[in-house]
Amino acid sequence: MKYRAAVIGCGRIGAGYDDDPLRGYVATHVGAYSERDDIELVALCDTDRYRVHRYAEQYHVPGRFTDVVEMLAQSKPDIVSVCTPASTHRQLVEQCAEMGARAIFCEKPIATTLEDADAMVQYCQQRNVLFCIDHQRRFERFHRSCREVIFSGGIGRMQRAVCVYGGGIRNTGSHLVDFLRFCLGDVAWVWARAAVMDPVGADDPSVDGILGFQGNVVAHLIPIEISAHAIFEFSFIGTEGSIVLNSVGNNVTARYAVAEASRFSGEIRELQPAPFPVSPLASHECMRDAVTHLVHCLDGNSQPWSTGNDGREALRVVLALLESQRTQTIVTL
Ligand SMILES: NC(=O)c1ccc[n+]([C@@H]2O[C@H](COP(=O)([O-])OP(=O)(O)OC[C@H]3O[C@@H](n4cnc5c(N)ncnc54)[C@H](O)[C@@H]3O)[C@@H](O)[C@H]2O)c1
């Protein structure tokens, strides 16, 4: 049986990223659905008629819509990707759940307010609709293996995490907080201070901050101007080693090191490079892996790895960081 898929929003993550010849891997919802044998991409929808037409022609998609309700009624998709700005997610997700979608794959951040996020999660739960958020590091093997190394004691007891990022705490911060939660668990408190403002997202500051996790691990957030150049780097420092992941585009790298007796001093141990279990290039499969995972969930073979509640928690932490930065206080969650 083939699942019927539709994409709402044919902008960058919906379809446009795959136009970039430099990218070299499938990075969009339309691209990932269109290449599968077990999925039929039945409809595209965007308020921009030109985009619908352009990508429907390119990917041979029969259903072409500028109105979401019409699309849902006529094309009857099983899976719908919501790839529009966050402020529109709640209405679109509720329409999809109301009109028969079995799975909704919603872009991050889940919403702009906790009220909307809670309503979306509840709406989907009540209608038994699978609701997944595209925090893509949860789907692919490279970032999942980082978590496995940490969980299996590969760097010992966690001491500190550090993340260098840019592009806004709501935008990039959604990925940042989600991946730290994935590896370190729930956040107990946050503190944020100065913010880097960037012309790329003028209404979305990148804050200097600290996340305190349940269990007392602490993560430091260091913002940079992404308009100068992109860095998205996670360092996890344990008592027996460290992992440093660079998570940007084609420049994905992992440096794994384990503590060994020093060859130069009897007083200390040093970190020596060790092989990381999975190639960084596996992260390029994130969109394909996400769609494979959706199909496994719909087939009843997996529980969702990136739930609406995970998206809601990432948003809760991001909003707490913004509140902390505004009030200059520690915010407890
Ligand atoms: N997971 C990732 O790495 C990643 C990367 C980029 C963007 N995103 C997220 O994806 C979402 C979209 O971002 P983008 O950069 O692709 O935006 P974009 O502006 O490039 O595209 C959004 C598209 O949605 C359409 N649209 C807006 N409102 C609509 C509506 N009500 N109905 C139908 N179409 C509508 C617009 O016309 C536009 O074509 C955001 O939530 C963003 O944070 C995620």
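For the reader, a short list of remarks on this structure follows.
- Average silhouette area of the stretch 76-166, convex hull of alpha-carbon atoms, in square nanometres: 8.0
- For the stretch 119-165, projected area of the alpha-carbon convex hull averaged over all directions, nm²: 5.5
- Rg/Rg_globular for the chain, with Rg_globular taken as 2.2 N^0.38 Å and Rg from C-alpha atoms: 1.03
- When 134, 116 are sorted by how many other C-beta atoms sit within 10 angstrom of their C-beta, beginning with the fewest, the order is 116, 134.
- If you take the Cα centroid of the stretch 275-306 and the Cα centroid of the stretch 7-67, the two points sit 20 Å apart.
- The order of 1, 197, 120, going from fewest to most other C-beta atoms within 10 Å of their C-beta, is 1, 197, 120.
- C-alpha long axis of helix 114-126 to longest principal axis of the chain, angle in °: 60
- By average C-beta atoms within 10 angstrom, highest first, the peptides 315-322, 32-39: 315-322, 32-39
- Packing order of peptides 221-230, 235-244, 271-280, highest average first: 235-244, 221-230, 271-280 (average count of other Cβ atoms within 10 Å over each peptide's residues).
- Positive-end residue of 264, 73, 283, charge dipole of the chain with Cβ unit charges: 264
- Against the rule of thumb 2.2 N^0.38 Å, how large the Cα Rg of the stretch 153-261 comes out: 1.08
- C-alpha long axis of helix 49-59 to longest principal axis of the chain, angle in °: 80
- Magnitude of the charge dipole for the stretch 65-164, about its Cα centre and with charges confined to Cβ atoms of Lys, Arg (+1) and Asp, Glu (-1), is about 740 debye.
- Placing unit charges on the Cβ atoms of the charged side chains and taking the dipole of the stretch 161-272 about its Cα centre, the candidate lying farthest along the positive direction among 163, 205, 243 is 243.
- The chain - mean residue ellipticity at 222 nm from DSSP helices (-39,500 (n - 2.57) per run, n ≥ 4, rounded to 500): -9500 deg cm²/dmol
- The convex hull defined by the C-alpha atoms of the stretch 45-203 has an orientation-averaged projected area of 12.3 nm².
- Rounded to the nearest 20 debye, dipole of the stretch 1-129 from Cβ charges on Lys, Arg, Asp, Glu: 140
- Cβ crowding within 10 Å, taken as a proxy for footprinting-reagent exposure, orders 165, 256 from fewest neighbours to most as 256, 165.
- Charge context of residue 215, other residues only, Cβ under 12 angstrom, K/R +1, D/E -1: 0
- Net charge dipole size for the chain [Lys, Arg +1 and Asp, Glu -1 on Cβ; Debye, nearest 20]: 400
- D_trans [Stokes-Einstein, Kirkwood Rh over alpha-carbon pairs] for the stretch 16-77, 25 °C, 0.890 mPa s, µm² s⁻¹: 200
Rule-based calculations on the coordinates, nothing more; no lab input. These figures come from a predicted structure and were not determined experimentally. Cβ sites come from the backbone with ideal geometry, for glycine too, and all protein chains shown count toward neighbours.
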